[in-house]
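The block underneath contains the structure these notes are about, expressed in structure tokens.
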Amino acid sequence: TRPTTHWETSVGARAFCGFQDCFSRLRSMDPVRIAVVGAGVVGLSTAMCVSKLVPRCSITVISDKFSPDTTSDVAAGMLIPHVYPNTPIPTLKQWFRETFDHLFAIANSAEAEDAGVHLVSGLKGSGVLILTRRIGDLWELHPSFDVVVNCSGLGSRQLAQDSEMFPVRGQVLNVRAPWVKHFIRDGSGLTYIYPGTSNVILGGTRQQGDWNLSPDAEISRGIFSRCCALEPSLQGACDIREKVGLRPFRPAGVRLQTEFLAQDGRRLPVVHHYGHGSGGISVHWGTALEAARLVSECVQAPRTPTPKSNL
Ligand SMILES: Cc1cc2nc3c(=O)[nH]c(=O)nc-3n(C[C@H](O)[C@H](O)[C@H](O)COP(=O)(O)OP(=O)(O)OC[C@H]3O[C@@H](n4cnc5c(N)ncnc54)[C@H](O)[C@@H]3O)c2cc1C
């Protein structure tokens, strides 16, 4: 067991005001060092939202995997309203609307095509540092960082000791079929054809508790024949690539919560932001804004002098 104690506070009880006072207090201080663990859609959007909401901070994204090797790269990328347990409908609507508005603005901009394929490019222009590293324990980031945001998806099973987290495996085919312009989804949502900017995603599977990241040829044949039954012209599709992703499921829904890790009288605020299951693309911007507000609250708290960095 880890000699770390935890105090938790939930999002619902918080008031997001008084940032101006806090920032004028911070003006005379060093920049706040913020680590975002995870480089999927949740981690990268959180880094962007924090860079907008928290002035005078340095942001480092630390992850063992980056695009194209995250679950987020496998997602079909459809915006579909999702229901998360323990999350009030108005909050779900807000997350979805903020995400929709954000992506709609991008879709209507000159960057539309690039944004479809390169989530990371906008972040580097904002001065966010990128570090490839596997984190074994969030406390490793003390004292190098003042605030940590945990966006590690399924990695939170270990990093947040959240044994409730489990994978729902999804296998899809990424094919070239530029004539397909409309999406088709069957009633169960298990068979779908989603055209993207250049390719078409054919799906899929929902295999609970399956950690296997290798494609299964038989499943691929099944997906292809189910999709061809819905859209026979797909028989002419080429460049067929198999993809597998593990949706980060959390039965209690998305965890957006501040936890204070402590050891030997030293504290490290951690904002948890994970557990998006099958809806991360649909709500990522809304939940990232919420996470950035929690980071702002941590920044408001009086800071103690930090010992020398280990990183
Ligand atoms: C087949 C499929 C189709 C989907 N379709 C859709 C869709 O149409 N619409 C939709 O809204 N959602 C969809 N989803 C769900 C969506 O992909 C997920 O909800 C979303 O990608 C989760 O994002 P994330 O950033 O939390 O996780 P991830 O993308 O898994 O990112 C986690 C990051 O944390 C890093 N990490 C983990 N542990 C550690 C550690 N110990 N140290 C350092 N780094 C660590 C990883 O390397 C990775 O960079 C789909 C998913 C699948 C599999």
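The values are calculated or read from the model by the stated rules, or taken from the named source; none is laboratory data. Values in this document were obtained by computation on a predicted structure and should not be read as measured data. For neighbour counting, all protein chains shown are included, and Cβ atoms are generated from backbone atoms with ideal geometry for every residue, glycine included. Just the protein is used for accessible areas: all its heavy atoms, side chains included, with ligands, DNA and RNA removed. Shrake-Rupley method; radii C 1.70, N 1.55, O 1.52, S 1.80 Å.
Grab the Cα-Cα distance for Asp64 and Gln161, subtract it from 0.36 nm times how many residues apart they are, and report the gain in nm with one decimal. Provide the component values of the computation, followed by the final result.
Values: separation 97, 0.36 × 97 = 34.92 nm, distance 1.81 nm.
Gain in length upon complete extension: 33.1 nm.
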Let me know the charge dipole size of segment 133-189 about its Cα centre in debye, to the nearest 20, where only the beta-carbon of Lys, Arg (+1) and Asp, Glu (-1) is charged. 520
Can you give the accessible area of Asp137 in Å² (nearest 10), computed on protein heavy atoms with a 1.4 Å probe? 40
Suppose each label sits 7 Å from its Cα in the direction of the beta carbon; what would the Ala301-Arg133 distance come out to in nanometres? 2.2
Volume per residue of the C-alpha convex hull in segment 217-290, rounded to whole Å³: 181
Candidate lysines for bridging to Lys52, where Cα separation is under 28 Å - those fewer than 8 sequence places away on the same chain excluded: Lys65, Lys93, Lys124, Lys308
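For segment 160-267, report the translational diffusion coefficient in µm²/s to the nearest whole number, using Stokes-Einstein at 37 °C, 0.692 mPa s, and a Kirkwood Rh over Cα pairs.
Value of D from the Cα-based Kirkwood radius: 205 µm²/s.
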With a 1.4 Å probe and all protein chains kept in place, how do Lys243, Lys52, Lys124 rank by accessible area, largest first? Lys52, Lys124, Lys243
Efficiency of FRET between Cys238 and Asp264 - r from beta-carbon atoms, R0 51 angstrom, step 0.05: 0.25
